[in-house]
Every structure is written in structure tokens, then in C-alpha cells.
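*Asks:* Before we start, here is the structure in question, set down as C-alpha cells.
All of the numbers you see were taken from the coordinates with simple rules; none came from a lab. Bear in mind the structure is a predicted one, so any value in this text is a computation, not a measurement. Cβ coordinates were reconstructed from backbone atoms using ideal geometry, including for glycine residues, and neighbour counts include every protein chain displayed.
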Amino acid sequence: MPKLDICDLCLFYTHNPYLVCAIHPTGAAGESCLDFRPNEHQGAADPLEWWEPEGASYYGDELVIEPLQRLTNQQRLELLDTHPMFTGRCPNCEMPIRQTTPARVHWDCERCGWVDDSV
Ligand SMILES: [Zn+2]
């Protein structure tokens, strides 16, 4: 393969004997490559890749970011213990309150009149 010297330093270089790079699979034509990109991130994982917004958590299959993001840790724990979104029942009268499809926004209880004012 007509690999160039700079290919070793390039972001697109595959380190594969049968494929020179993602842009030019059979090698660049000529003495230089217009698509050369210096591989500055080699070996270093970008910490931003692992960044998660504070308060983002999975409950079941749903990623819940708001409104838990606004709450303190203590408030979040209380919400997890009491809120029908997580417990499946009214915190006042224990009446089951089921999730709906599409997901409901308000969790007001039809039996006792408990009104969801936490979210
Ligand atoms: Zn109720």
C-alpha cells in the first residue's frame, strides 16, 4: 500500500495492512495528502465523552433529567420514596397510579384529590 510517512500521525490512519485510511482506502495519491489530520487525541480518552449531566438518571427505560436536576439529593430521595412516578401509587391514599403511554406529566390522584405539585 502506498502509505505516506505522515499517515502514521494521521487521525484517519487505520493501522490496518489492507486499508490505509478511512478517506483513501488504497492510499493517498501523490507525495502528500490533502486530508491529513494530525491525530492529537491518540491514546487519550476525551473526558467529555464520559460527562453526564448532574441529576440525569435512568428509572426503568426513561432517562430523567428534569425536574430532578433542580432538586437537592435529599429532595430526590424523598421523591423516589413517595412520588407515584417511582412508587406507582398515590402518596396520600395508596391508590395505584399507573404510568401512561405517552408518559403522563401530571400524577394527580383521582380518588383522594392529591395533586402532584413536585414536578
Ligand atoms: Zn390518592
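*Asks:* Once label points are set 7 Å from the Cα along Cα→Cβ at both Val115 and Arg37, what is their separation, rounded to one decimal in nm?
*Replies:* 5.4 nm
*Asks:* Going highest first, how would you order 5-17, 81-93 by mean Cβ packing within 10 Å?
*Replies:* The most tightly packed comes first, giving 81-93, 5-17.
*Asks:* For a quick check: with amide H placed at 1.01 Å from N, whose amide H comes under 5 Å from Arg89's, ignoring anything fewer than 5 positions away on the same chain?
*Replies:* Distant-sequence amide H within range of Arg89: Ile97.
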